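Following: one structure in structure tokens, then a few remarks.
The values are calculated or read from the model by the stated rules, or taken from the named source; none is laboratory data. Everything quoted here is computed from the prediction, not taken from an experiment. Don't worry about glycine lacking a Cβ; one is built from the backbone with ideal geometry, like all the others, and counts go over all protein chains shown.
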Amino acid sequence: MTEAAATTGTGVHPEPAILVRELRKDFGPVTALQGINLEIAPGELTVLLGLSGSGKSTLLRCLNGLNPITGGKATVLGQPVHGMTSGEMRKLRSRIGFIFQHFNLVGRLTCLENVLIGASGRITGPRYGILSYSRAQRREALAHLSRVGLEQHAFQRADSLSGGQQQRVAIARALMQKPELILADEPVASLDPENAANVMDLLFRICRENRITVLCTLHQVDLAMQWANRIVGLRNGEKVLDSSTDSLSRDDVLNVYRQLQPEAAADGNTA
């Protein structure tokens, strides 16, 4: 059991950061997720692994309300996602940082302005550039850029940076939200191996230090085994693996990517 998953000093288990029971998601006649059960403790770093189309991204989008669930239940940070009003969903999303594969930065804005966007939920009225944010918020944004090693690029256009640097700006923007949970959808898929390792190191180290819960989709088995507390494998919309990395071998994890099991192949040969 991870430190994050341990009981509190009073002997009472903390409320799960994510609790999913028999979750189902259909897109018309196609079932993308079926019978998903998942419980993630506060502060836990969990990686979702699986082939493209296995349901990883769909599960993340169900958890932040972008994909309404078809059946079952999903509770995030103590709030039931199913049946939420739009106002309730906006309030919940302000507590969740989302990191995308393609960064989703505003390229013409400076790095500092992009990070400040993470504080949008804390200001009222229209935004007119940097001066729309308080001096304290501007200092906070600079501190986050410093933490990801990009303070010297604060006033540089985001689209002038390398891919790895842009993803670090995206991490700083997510931290600016003061999130309790970070959902990261293939955050290093578009990066070269060296930058991918650096970004995962940065993301998971910061989240460990801040005790932020992370649910991250990945394709890279070695990165998952190196940084995650736990790996959850999906295949064809169903959960086929759920274990701490301490008790997993690389071969165990690679089984997630085998779409056709030996038994199934044998059955197919006798048909």
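Worth pointing out:
- Filtering the range 196-217 to residues that are over 18 Å from SER146 (Cα atoms) and not small (Gly, Ala, Ser) leaves ARG211, ILE212, THR213, VAL214, LEU215, CYS216, THR217.
- Test: ALA174 is in a helix (DSSP H, G or I) and more than 15 Å from the chain's Cα centre (by Cα): no
Table: residues versus (1) more than 14 Å from PHE98 (Cβ to Cβ); (2) among the aliphatic types (A, V, I, L, M); (3) touching a His at 6+ places or on another chain (Cβ under 8 Å).
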| residue | (1), (2), (3) |
| --- | --- |
| SER146 | yes, no, no |
| GLU151 | yes, no, no |
| ILE182 | no, yes, no |
| ALA197 | yes, yes, no |
| ARG208 | yes, no, no |
| LEU215 | no, yes, no |
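- Considering the range 224-258, the residues that are of a type in the set (Gly, Ala, Ser) and buried (at least 16 other Cβ atoms within 10 Å of the Cβ) include one that is nearest to VAL30 (Cα to Cα), namely GLY237.
- Unique residue being under 24 Å from VAL240 (Cβ atoms), over 16 Å from the mean Cα position of the chain (by Cα) and either assigned to a loop (DSSP other than H, G, I, E, B) or not assigned by TED's automatic domain parsing to the domain that holds ILE18 (or both) when the list is LEU131, LEU145, LEU51, LEU112: LEU51
- The residue that is surrounded by the most Cβ atoms within 10 Å (Cβ to Cβ), counting only those in the range 196-213 that are in a helix (DSSP H, G or I) and touching a strand residue (DSSP E or B) at 6+ places or on another chain (Cβ under 6 Å), is CYS207.
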